[in-house]
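Novice: I'd like to ask you about the structure that follows.
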């Protein structure tokens, strides 16, 4: 009985061997009859790589037909595609391994920053990748009228939501959540600040529009306002400083001032004013006066530098701001100190009085 089973196994083994030998002989005689070229990677290709020159990353390799049924056979289809997984050497690429969204190209000197938008705040959804927009901010501060202001102009939209390609067969997005903008590092800070004040709207521009829009803030429908939010509005008028006389050169004690204009000049003075300060209106009254105490170059001149009394014009008085300090304490925490000058908060300090 055992010998019969053994004979059967021997016959089966011989049959399998003959079949394998026959197939091997056919493959050897005509090696291309049952193979096909498959593009395989010659090196490791990390996930996210954009394939610019596929001929340098892949080589054809003969493989038995239908071994790589899902491999992408046309090398031209690899170009400018992004691999969605890491491809190891010797592996082939499938359709699922390639993405037509090759990422975004950020212009030199710019960064990509996303802002939250809706169809209403993004020109009804007509803002697409490649569009140019102005950014309008609504500024809301406590106890003040809201203001609107154009804070940036002619900004490039890099992507909408997760797509950097325009939608096929459509001129607008039905719904959208974010817009990715190309901004400079400084503009990114400005945009972040504007988001803390209120809402943003993207205003669609024509592609060939090179005009500039006024950046003056507006608080009502009648006219623009004076800005004052640290954006691109008109700069506040500079504070006028008092004018005084200073010495053009070092003047020794005992010097007689024959020509005051040769010894002194007018300058604006931002510091503290000394007692009996000499103003430009007093220049001619210094003629033939004798310097009692030396005056150094660029130092302010006062009546104390001269012998005798001078009939001086009253010095400009610097008006001190109305200053108030408020202490706020919450439970057992240290009191917060808030300082107001002319009705505006100038600083806060969490530490209480020492």
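Laboratory data are not the source of any read-out in this text; all were calculated from the coordinates shown. Values in this document were obtained by computation on a predicted structure and should not be read as measured data. Cβ placement follows ideal geometry from the backbone for every residue including glycine, while neighbour counts extend to all protein chains displayed.
Novice: Order these by the 10 Å Cβ neighbour count, fewest first: 131, 121, 299, 76.
Specialist: If I rank by nearby Cβ atoms, fewest first, I get 76, 299, 121, 131.
Novice: For each of 57, 189, count neighbouring Cβ atoms within 10 Å of the residue's Cβ, then give the residues from fewest to most.
Specialist: Fewest-to-most Cβ neighbours within 10 Å comes out as 189, 57.
Novice: FRET efficiency for residue 240 and residue 161, Cβ-Cβ distance as r, R0 = 56 Å, nearest 0.05?
Specialist: Efficiency computed from Cβ-Cβ geometry: 0.60.
Novice: How far apart, in nanometres, would the label points at residue 70 and residue 255 be if each is projected 7 angstrom from Cα along the Cα-to-Cβ direction?
Specialist: Spacing of the two 7 Å Cα→Cβ label points: 9.3 nm.
Novice: Let me ask something else. Obtain the nm distance between the two label points defined at residue 309 and residue 196 by a simple spin-label model: each point lies 7 Å from its Cα along the Cα-to-C-beta direction.
Specialist: Taking the two extended label points, one gets 5.7 nm.
Novice: So how do 240, 62, 36 line up by other beta-carbon neighbours within 10 Å, fewest first? Walk me through the intermediate numbers first.
Specialist: On the way: 240 8, 62 11, 36 16.
Ascending number of Cβ neighbours within 10 Å: 240, 62, 36.
Novice: Fully extended, how many nm does the chain gain between residue 276 and residue 248 (0.36 nm per residue separation, minus their Cα-Cα distance)?
Specialist: 8.2 nm
Novice: Each label point is 7 Å from the Cα along the Cα-to-Cβ direction; what then is the distance between the points at residue 55 and residue 203, in nm?
Specialist: So the label points at residue 55 and residue 203 sit 5.0 nm apart.
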